[in-house]
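Written out below as structure tokens is the structure these notes cover.
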Amino acid sequence: MLKSEYLQRVYTQVVTRDPDQREFHQAVLEVLESLDLIVDRHPEYEERGIIESFVEPERMICFRVPWDDDQGRVHVNRGYRIQFNSAIGPYKGGLRFHPTVNLSILKFLGFEQTLKNSLTGLPMGGAKGGSDFDPKGRSDAEVMRFCQSFMTELHRHIGQFVDVPAGDIGVGGREIGYLFGQYSRVRGGHDAGVLTGKGLAFGGSLVRTEATGYGLCYLTEEMLRCMRKESFDGKTVVISGSGNVAIFATEKATQLGGRVVALSDSNGYIHDPKGIDLNVVKDIKLGHRGRIKEYVDRVPGSSYTEGFRGIWNIPCDIALPCATQNEIDGEMARTIVQNGCLAVTEGANMPCLPEAIRVFQEAGLLFAPSKAANAGGVATSGLEMSQNSMRYSWSFEEVDRRLKDIMVNIFHNAYHASEECGVPGDLVVGANIAGFLKVSRGMVAQGLI
Ligand code: NDP
């Protein structure tokens, strides 16, 4: 419940304007609850309508994406780009291709992205886009035709100084390659800075593939060290998902001495008490886009269970939800707490429902929200943009070092902000406030409200 009448009015307006956008309401409410702690000290927020501007996207683009399948049948999907906030830099944020994509999901993601990009300390505004297209089961040629049609419209709205999209769920290196090729074809020329997550042969950055999963573990390690004098070493880890974030979180957690015992996909989860053999997972998921259940045919002693939610019944010291939004509810959170978990760090965007976060915080678990914890991906995209501007490439070690510095700084900035707000260690509040302050100052200084 919001104490500030001003914030209550802002929230009511958000809900009344778009009553069906539940994910967006949830993301806005969480941030308003944090702002509730400081809004009394800032009468100018209400006087100048700063929060109203902050929760409204600058621009929402929606378009038709027709494409032919391999049988010559025409399909029509819907494409979107939500340009949420450009106060501190060009819009920046991923593209998601998944049947669940709609305006509510993309507004929530664009809003979160604005705060996340601000936390990285790099000059990037916030955006998100995508389509309800489902690449699963589609041939390379079908995916290529879809990407080409998508970019035929999107190219008008992006550019290295305007808006720089990247990948997200369903958009990996293959899709970015097709999208970039079409951009170059339509615009004429090689403008590497227009997309990130590119292949290394045409302007991509080393570590971008690993960045979100690695960054998640760097932040978790720093949080464990500073708040509990602990580390990954010797800890049992459960990670949901088996996509880009989950795979490289598994890799880094293992390098840091953790034992990852479970992974999932949208059908079910695998449990391997000895520790997941990541080479097998990479072969299944990156090699031929297979299903996670294939793992048990290749690794004796492991088991597979249908239904992805059951993964949270497996006891662990560190939980890293890395699949999708809203996968852990209050009941699952209570199970995680009862199993003796020490820390939960969000790899996916908003995987924990508000009730789940409350359960973790009341039980005294360490909890790092996605906008801080998974910022490593976009931070490395920012480093890719820097390298493109310089026409130069850094080594793996150089990018990895910068990524680690950024993640450690994000933790400390969020922790510091939580102390300033009188709730030390509440990184939800800390990340929201630290991210918001930079963006709102940028908006005011440039008269963007
Ligand atoms: P991928 O598409 O590579 O993998 C997603 C994984 O989550 C897959 O294992 C997928 O299983 C599973 N999944 C997807 N939707 C659902 C669902 N509705 N229920 C259960 N499982 C599901 O995506 P990423 O790993 O790139 O992204 C994962 C999360 O991390 C997303 O929330 C994304 O926004 C966030 N993120 C990603 C970044 C990145 O750099 N990649 C950066 C910052 C955030 P299946 O194969 O069965 O669909």
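The values are calculated or read from the model by the stated rules, or taken from the named source; none is laboratory data. None of the values given here were measured: they were computed from a predicted structure. Virtual Cβ from ideal backbone geometry, glycine too; neighbours counted across all protein chains shown. What goes into the accessible areas is simple: the full protein's heavy atoms, side chains included, and nothing from ligands, DNA or RNA. Shrake-Rupley method; radii C 1.70, N 1.55, O 1.52, S 1.80 Å.
Considering region 320-345, and only residues there that are farther than 17 Å from Gly268 by Cα and in contact (Cβ under 8 Å) with a residue 40 or more places away in the chain, the residue that is nearest to the ligand (Cβ to nearest atom) turns out to be Thr345. Just so you know, in region 69-106 the residues that are among the basic types (Lys, Arg) and more than 14 Å from the ligand (Cβ to nearest atom) include one that is farthest from Leu448 (Cα to Cα), and it is Arg73. Taking first residues from region 166-190 that are under 15 Å from His155 (Cβ atoms) and β-branched (Val, Ile, Thr) and partners that are within 15 Å of the ligand (Cβ to nearest atom) and open to solvent by less than 30 Å² (accessible area, probe 1.4 Å), the Cβ contacts under 7 Å between residues at least 6 apart in sequence or on separate chains come to Ile176/Gly167; Ile176/Leu195; Ile176/Gly197; Ile176/Lys198. Scanning region 62-88 for residues that are outside any strand (DSSP E or B), open to solvent by 60 Å² or more (accessible area, probe 1.4 Å) and not acidic (Asp, Glu) turns up Gln71, Arg73. Considering each residue of region 161-168 in turn, at least one proves to be open to solvent by 10 Å² or more (accessible area, probe 1.4 Å), within 16 Å of the ligand (Cβ to nearest atom) and under 17 Å from Ala211 (Cα atoms). Collect the residues in region 49-59 that are crowded, with 16+ Cβ neighbours inside 10 Å and either at pLDDT below 95 or not β-branched (Val, Ile, Thr) (or both), keeping them in residue-number order. Once the filter is applied, which keeps residues that are crowded, with 16+ Cβ neighbours inside 10 Å and either at pLDDT below 95 or not β-branched (Val, Ile, Thr) (or both), region 49-59 yields Glu52, Ser53, Phe54, Glu56, Pro57, Glu58. Residues in region 250-272 that are within 16 Å of the ligand (Cβ to nearest atom) and within 22 Å of Glu230 (Cα to Cα): Thr250, Glu251, Lys252, Ala253, Val260, Ala262.
Of note, Pro369 does not satisfy the criterion of being closer than 22 Å to Tyr415 by Cα and modelled with pLDDT under 95. Report, by residue number, each residue of region 111-140 that is part of a loop (DSSP other than H, G, I, E, B), of a type in the set (D, E, K, R) and more than 11 Å from Phe97 (Cα to Cα). The one that is part of a loop (DSSP other than H, G, I, E, B), of a type in the set (D, E, K, R) and more than 11 Å from Phe97 (Cα to Cα): Arg138. Screening region 274-330 for residues that are touching a Leu at 6+ places or on another chain (Cβ under 7 Å) and among the charged types (D, E, K, R) and picking the one that is farthest from Val171 (Cα to Cα) gives Asp317. Among the residues of region 228-245, at least one is out of contact with any strand residue (DSSP E or B) (no Cβ under 7 Å at 6 or more places or on another chain), within 16 Å of the ligand (Cβ to nearest atom) and small (Gly, Ala, Ser).
The helices (runs of 4 or more DSSP H) found entirely in region 171-286 that carry 2 or more residues being of a type in the set (Asp, Glu) and at negative phi are 208-228. In region 291-307, the residue that is nearest to the ligand (Cβ to nearest atom) out of those that are open to solvent by less than 40 Å² (accessible area, probe 1.4 Å) and assigned to a loop (DSSP other than H, G, I, E, B) is Gly307. Checking Asn409, Asn432 one by one, the residue that is open to solvent by 10 Å² or more (accessible area, probe 1.4 Å) and within 19 Å of the chain's Cα centre (by Cα) is Asn409 and no other. Among the residues of region 193-205, those identified as away from the ligand (no atom under 16 Å from the Cβ) and surrounded by 20 or more Cβ atoms within 10 Å (Cβ to Cβ) are Val194, Gly203.
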